[in-house]
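Heads up, the thing below is written out as structure tokens.
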Amino acid sequence: MSLSPLQLCLLFSSALFCVGLIGALSRSNTILVLLGIELMLNAANINFIAFWRFGPAPAAGTGVVFVLFSIAVAAAEAAVGLALVIAVYRHQKNIRLQEANRLKG
Amino acid sequence: MNAAFLATLSLELLPAQLRDMVTGWLPEPWRWLVNSILAIAVILASFGLLFAYLTLAERKILGRVQNRPGPNRTGYFGLLQPFADGVKALTKEDIVPRGADHLLHFLAPVALLAFSIMTFAVLPFGRNLVAVELDAGVLYFFAAGAATELAVFMAGWASHNKYSLLAAMRALAQLISYELPLLLSFVPVIMIAGSLSTQEIVHRQSGWMFGFVPQWHVLTPWGFAGFAIFMTAALAESNRSPFDLPEAESELIAGHLTEYSGFKYALFFMAEYFGMCALCGMAVTLFLGGWQAPLPFLEFIPSYVWFATKMLTLLLGFIWVRCTFPRLRIDQLTRFAWKFLVPLALINLGTTAFWSLTSGWTGGLQIARWLVAIALVVIPFQLIGRKLSAGLGPRTYRYA
Amino acid sequence: MTLAFLAIAFVTVAAAAVAMALRNLIHSALLLVFNWAGIAAFYLWAGAEFVAFSQLMVYVGAVSMVVLFAVLLTQRSPQSFREQPDSISRVIGALLVGGAVLGVLFGAVLSSRLAPSAATATPTISVKELGSLLMGPHAAALLIVGVILTVTLIGAVIIASTDHAESGKDES
């Protein structure tokens, strides 16, 4: 069986995506759920780079530019997400997702 | 003249020639590998030696400043002291607390040292002496530098000691606070040079004004401000006095390093000095013209000698600062970063934009350009400085 | 070449998987940082230097710090970094869903006939080209990202800061 490099990269990113998905679904600690989502975002970035490197139209640097934007937005997401985690912890003394079921603090 | 020029050339090319003598007979694919290993070995050896004698120089100078001789028993003039210290560190018992996370406790100094050594790869030590020519060299340098924070956290957490952990958090707060001015202060250089490659930045600083004044970035208003901010932030990033709160030996018994002993502690120490050397080398590259000679007729001295001279001068400056200024308090430290250095660095970006937009001005306009740029640097400095120190007044020390 | 890729991919996925399975939060976070560094290594392998260093700087330098601070600030006692186990049904459900998605993705990738690249030279993008791309065709996006980051910074500070009226009550 011969796989093209592009396919290998896609397999790699989908494996990473699924690890992130399983983590986000199975863990009840909010921080780990956020980290799982972060992992899924990273897997998407890998796809952009893979298609830029091995895809049919590599000339345009769009893939690279998009990953840069994606990294910036992911950093913003992490900052807000973890600030929310800290705010929730202050109200509930706990960051288990199941117990964060009230909108009013 | 011609003979002198030839002599220059051979001295200048000496490192490359030596390398070719060693590896020239190897087949092509191997030669690249051996060349790289050789470069790594030379960098490690020379900076290891520099580290050893820097500690000695620091202790000697501190001693002289405090009116005592400093280490002078081991070897002539204390010259063997670093090796005695090394043997001592190696033979000391390595104590790991019972509750510690053994793996992380071991990994922390190793990771710290690895990341600080990695930063040397992109420093241009001479005209042809750079280990890795990277298109994004400056970014690489600061990416590797940013990773050292992780090691500080690992050290504090793995020690299983609440004071170590608290000290690590304080150290991280300091490192993150000062990373901002550090990064903002060199952005102007990249704006002007138009490149992230370290060699390219050095090349852009070549040439002479009026035939004898070098065109280094530090000799422009924005460059001077950037250099000052960079060096201040570098002092804090490398945990040097007066910003050495993370380890403050006399108050915190070395902070996040409390639970480290023997060789692991020596590794931390080594990483700190390597980080200091790397930041000084980067400051030389970005602002002080890298390996270029300061005057045209001094160009016969090989470039790496100039780089070493400038870097050692900055390092001695660090030592001098250490024995002169008292330690800051943690609130003063963070306020200084966020309320003083960051705004100044941001304003400096504007100054640089003005500078690069007016690069076509000549004659009288040139003088106006200098005056405006100097005003843009000095006025905010004075205004923010006065506002921050309002009501604090000059202190009089009665018994000092 | 491919061997290097396989090594990077294996180590990265393994680090992520172990991180998601560990009980100890700090270990998970540190392993994830390692995983992010592995992804940066992949970018380097693919020739996207600038992205690799940005990834290293943003994730290993900044996001990791935020995560570790959050972990430390949300622990009741400093000694207990171990979480209670998750419910088995949740884990089984997650594994089923994840496995199904993995199967679908793998099937799709393996069965699709991807247009192979023209097998020409590797595409390279210098920092300069990247800069003109960012400032030229993508300038609007760059501005928006700047606004997002500013808003995020202020928002995160406001969300996480204590209001003084309430802090007294919380400490009781």
Requested in this report: Mind listing whichever residues of the range B:236-258 are closer than 22 Å to B:ALA147 by Cβ and open to solvent by 30 Å² or more (accessible area, probe 1.4 Å)?
Outcome: B:GLU237
Report summary line: Pairs returned, first residue in the range B:56-77 that is in contact (Cβ under 8 Å) with a residue 60 or more places away in the chain, second residue that is in a helix (DSSP H, G or I), beta-carbon separation under 6 angstrom, 6 or more apart or interchain, are B:GLU58/B:ILE319; B:ILE61/B:ILE319; B:LEU62/B:CYS323; B:VAL65/B:CYS323
Query raised in the report: Would you call A:LEU16 at pLDDT 85 or above, within 7 Å of chain C (Cβ to nearest Cβ) and in a helix (DSSP H, G or I)?
Result: yes
Query raised in the report: Across the range A:1-13, what is the total count of residues that are more than 7 Å from chain C (Cβ to nearest Cβ) and open to solvent by less than 20 Å² (accessible area, probe 1.4 Å)?
Result: 2
Report task. Go through the residues of the range B:2-23 one by one and say whether even a single one is open to solvent by less than 70 Å² (accessible area, probe 1.4 Å) and modelled with pLDDT of 85 or more. Result -> no
Query - Positions within the range A:51-73 being more than 7 Å from chain C (Cβ to nearest Cβ) and not hydroxyl-bearing (Ser, Thr, Tyr), in sequence order - result: A:PHE51, A:ALA57, A:ALA60, A:GLY63, A:PHE66
Report task. Output the number of residues of the range B:303-355 satisfying the condition of being in contact with a strand residue (DSSP E or B) (Cβ under 7 Å, 6 or more places away or on another chain) and open to solvent by less than 50 Å² (accessible area, probe 1.4 Å). Result -> 2
Query raised in the report: Among B:TYR140, B:TYR178, B:TYR163, which is the only one that is modelled with pLDDT of 85 or more and more than 9 Å from every other protein chain (Cβ to nearest Cβ)?
Result: B:TYR178
Query raised in the report: Of all the residues that make up the range B:92-111, how many are open to solvent by 50 Å² or more (accessible area, probe 1.4 Å) and under 22 Å from B:ALA52 (Cα atoms)?
Result: 4
Requested in this report: Working only within the range B:360-373, note down all residues that are in a loop (DSSP other than H, G, I, E, B) and surrounded by 11 or more Cβ atoms within 10 Å (Cβ to Cβ).
Outcome: B:TRP361
Query raised in the report: Can we say A:ILE37 is of a type in the set (Val, Ile, Thr), under 17 Å from the mean Cα position of the chain (by Cα) and more than 7 Å from every other protein chain (Cβ to nearest Cβ)?
Result: yes
Query raised in the report: In this structure, does B:PRO246 turn out to be out of contact with any Ser or Thr (no Cβ under 9 Å at 6 or more places or on another chain) and at pLDDT below 85?
Result: yes
Query raised in the report: Being in a strand (DSSP E or B) and either under 17 Å from B:VAL138 (Cβ atoms) or in contact (Cβ under 8 Å) with a residue 60 or more places away in the chain (or both), is that true of even one residue in the range B:204-222?
Result: yes
Report summary line: Condition set within 16 Å of B:PHE224 (Cβ to Cβ) and not small (Gly, Ala, Ser), scope the range B:374-389, selection surrounded by the most Cβ atoms within 10 Å (Cβ to Cβ): answer is B:VAL377
Requested in this report: Could you run through the range B:165-178 and say how many residues are open to solvent by 30 Å² or more (accessible area, probe 1.4 Å) and out of contact with any Pro (no Cβ under 9 Å at 6 or more places or on another chain)?
Outcome: 4
Report task. Check off (1) open to solvent by 10 Å² or more (accessible area, probe 1.4 Å); (2) in contact (Cβ under 8 Å) with a residue 40 or more places away in the chain for B:SER195 and give me the number that stays unchecked. Result -> (2)
Query raised in the report: Can you name the residue in the range B:153-164 that is open to solvent by 10 Å² or more (accessible area, probe 1.4 Å) and touching a residue at least 12 places away in the same chain (Cβ under 8 Å) and is also nearest to B:ARG327 (Cα to Cα) among such residues?
Result: B:TYR163
Report summary line: With criteria (1) touching a Lys or Arg at 6+ places or on another chain (Cβ under 8 Å); (2) within 19 Å of C:ALA40 (Cα to Cα); (3) of a type in the set (Ser, Thr, Tyr), A:SER70 comes up short on (1)
**Report entry** Test result for B:LEU79, surrounded by 12 or more Cβ atoms within 10 Å (Cβ to Cβ) and either in the same structural domain as B:ASN161 (by TED's automatic domain parsing) or within 20 Å of B:GLY281 (Cβ to Cβ) (or both)
**Finding:** no
Query raised in the report: Identify, please: which residue in the range B:198-216 is more than 14 Å from chain C (Cβ to nearest Cβ) and of a type in the set (Val, Ile, Thr) and is, among those, least open to solvent (accessible area, probe 1.4 Å)?
Result: B:VAL202
Query raised in the report: How many residues, within the range A:46-105, are modelled with pLDDT under 75 and closer than 30 Å to C:ARG113 by Cα?
Result: 6
Report summary line: Filtering the range A:74-99 down to residues that are more than 7 Å from every other protein chain (Cβ to nearest Cβ), closer than 14 Å to C:VAL66 by Cβ and of a type outside the set (D, E, K, R) yields A:ALA74, A:GLY81
Report summary line: From the option list B:ALA114, B:ALA89, single residue qualifying as surrounded by 14 or more Cβ atoms within 10 Å (Cβ to Cβ) and in contact with a Phe, Trp or Tyr (Cβ under 6 Å, 6 or more places away or on another chain) is B:ALA89
Report summary line: With criteria (1) modelled with pLDDT under 85; (2) open to solvent by 50 Å² or more (accessible area, probe 1.4 Å); (3) part of a helix (DSSP H, G or I), C:LEU96 comes up short on (1)
Query raised in the report: Counting only residues that are under 16 Å from the mean Cα position of the chain (by Cα) and small (Gly, Ala, Ser), which one in the range B:131-148 is nearest to B:ALA278 (Cα to Cα)?
Result: B:GLY145
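The values are calculated or read from the model by the stated rules, or taken from the named source; none is laboratory data. In this text the structure is predicted, and so the values were computed from the model without any measurement. Counting neighbours? That spans all protein chains shown, and the Cβs are built from the backbone with ideal geometry, glycine included. Each accessible area value is taken on the protein alone, full model and side chains, heavy atoms only, with ligands, DNA and RNA left out. Shrake-Rupley method; radii C 1.70, N 1.55, O 1.52, S 1.80 Å.
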